[in-house]
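For reference, the structure is listed below as structure tokens.
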Amino acid sequence: MNCNYANQGLYIGSTPGGDTQIAMCCWQEKRKVNSVSMDHEYLKTMRTATHLPSQCSAYCNQPGHVANERERCKQDPWWTNGVKIKKLHLEQSLVCNLACISCSSRYSSKWNQWYREFEPTAELVQIKKQPENVWQHLDLSEVEHIHFTGGEPLLNPDNKKILQHLDALNQLENCAISYCTNGTIFPDKELVELWHKAKWIRLFVSLDGVDSTFEYTRWPANWTQVQNNISAFRNIQGPCILIEVDAIVGIHNLWNMPDFVNWWTNNCQTGNQGDPSQIFVRCIEPSSKGGELLQLQNLPESLIGNAKETIISIQNIPGALGLLQGLGTSPNNNWIQYLDTLDLQRKTNWRHSLTGPITTLGK
């Protein structure tokens, strides 16, 4: 199986209820376990498979994208050199300070208060205590890349603990670190000093838009604060900071994408040492009630032509042309009730915050 994660990747995550789960990467189907081991039968079965798992992400095949593992494994087939942890993905704490449109109480503690209004039986996040217990016994002496997700990983103190652990093993200097972050949290001095010892740091900053569209989509984030944090990341002295800004695109924020691209072009072209930054867009997925209702396939027929023009205007952005797939194939206005319900919960007004022709519908 041609994948960098086959023999040397390990994903350790947490269910909303606090159970530990593993896989070889975050896209593969997860398996609940009592203890984590690279020799777990589930992982052994995946290694002997002749085909890639059906859950493999299309982003692993995105030409030129930093997450393109298919492309990378052709260049550097180190995954065949025995079973050892080279790539570690930690998603152990689902603590988060945002309740984003595309998310749910499956991944964000902030959604606990409201999400059952949309899915009455949805699990609620229980913050895991002492999550370091699941990795402390692992052999991390050859790990080369750690990827943190959440929740918001910069709110999780365990993520600092594992870097301290690697530093004590004299392995941190051989390790690249990456985070999927919402951009609202800036690291403390102790964490920045640990970053300085690593090979490099890559921040995948989830924005989903700019200005009032950003604030509505990633509520209750503040756009000025996030801009300031990104600017501060780009001015950190010491560690090498690489940056990618991302947008998950649905009916609600499609018409904000040209402004999003313009902001990136004018404000975030490099990391802190001059390395080119990246930008990526992709379709919202039906992994939450918001994701289900705001899919671009639900776009009303009257807006399809305008939507296509908007997408074509950003066609050079990685992932943009993928937004055309299925556009308006199941047109409906059910998403309007979802946004109206959010407004009641949050005391917001989506017609004032969002942009484009959707704001005139359903009045």
message: If I filter the stretch 235-263 down to residues being polar (S, T, N, Q) and outside any helix (DSSP H, G or I), which single residue comes out as nearest to residue 208 (Cα to Cα)?
response: 253
message: What are the pairs with Cβ atoms under 6 angstrom where one residue, in the stretch 95-115, is closer than 12 Å to residue 150 by Cβ and of a type in the set (Phe, Trp, Tyr) and the other, located anywhere, is modelled with pLDDT under 95 and surrounded by 20 or more Cβ atoms within 10 Å (Cβ to Cβ)? Sequence gap at least six, or different chains.
response: 107/94
- line: Selection from the stretch 168-192 of residues at positive phi and within 24 Å of the chain's Cα centre (by Cα) yields 183
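Yes or no, residue by residue, for (1) in the same structural domain as residue 354 (by TED's automatic domain parsing); (2) farther than 30 Å from residue 236 by Cα; (3) touching a residue at least 12 places away in the same chain (Cβ under 8 Å):
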residue: 250; (1), (2), (3): yes, yes, yes
residue: 262; (1), (2), (3): yes, no, no
residue: 267; (1), (2), (3): yes, no, yes
residue: 270; (1), (2), (3): yes, no, yes
residue: 273; (1), (2), (3): yes, no, yes
residue: 292; (1), (2), (3): yes, yes, no
residue: 305; (1), (2), (3): yes, yes, no
residue: 309; (1), (2), (3): yes, yes, no
residue: 319; (1), (2), (3): yes, no, yes
statement: Counted residues in the stretch 179-209 being within 20 Å of residue 108 (Cβ to Cβ) and part of a strand (DSSP E or B) come to 7
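Given the structure, is residue 289 within 20 Å of residue 218 (Cβ to Cβ) and loosely packed, with under 14 Cβ neighbours inside 10 Å?
Values: within 20 Å of residue 218 (Cβ to Cβ): yes; loosely packed, with under 14 Cβ neighbours inside 10 Å: no.
No, not satisfied.
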field: Per-region count, the stretch 264-280, residues outside any loop (DSSP other than H, G, I, E, B) and of a type outside the set (A, V, I, L, M)
entry: 8
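Quick grid of which residues meet (1) within 23 Å of the chain's Cα centre (by Cα); (2) not in a helix (DSSP H, G or I):
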site	(1), (2)
321	yes, no
326	yes, yes
329	no, yes
332	no, yes
358	no, no
- prompt: Which members of the stretch 251-268 meet the condition of being under 22 Å from residue 201 (Cα atoms), surrounded by 14 or more Cβ atoms within 10 Å (Cβ to Cβ) and of a type outside the set (A, V, I, L, M, F, W, C)?
  reply: 267
- prompt: Only one of (1) out of contact with any strand residue (DSSP E or B) (no Cβ under 9 Å at 6 or more places or on another chain); (2) under 30 Å from residue 213 (Cβ atoms); (3) acidic (Asp, Glu); (4) without any contact (Cβ under 8 Å) to a residue 60 or more places away in the chain fails for residue 119. Which number is that?
  reply: (4)
statement: Considering the stretch 210-228, residues that are under 20 Å from residue 149 (Cα atoms) and not aromatic (Phe, Trp, Tyr), and then whichever is surrounded by the fewest Cβ atoms within 10 Å (Cβ to Cβ), we arrive at 220
field: Lone unmet requirement of (1) surrounded by 14 or more Cβ atoms within 10 Å (Cβ to Cβ); (2) modelled with pLDDT of 95 or more; (3) in contact with a Leu (Cβ under 9 Å, 6 or more places away or on another chain) for residue 200
entry: (2)
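The values are calculated or read from the model by the stated rules, or taken from the named source; none is laboratory data. The structure presented is a predicted model; accordingly, all values stated were derived computationally and were not measured. Virtual Cβ from ideal backbone geometry, glycine too; neighbours counted across all protein chains shown.
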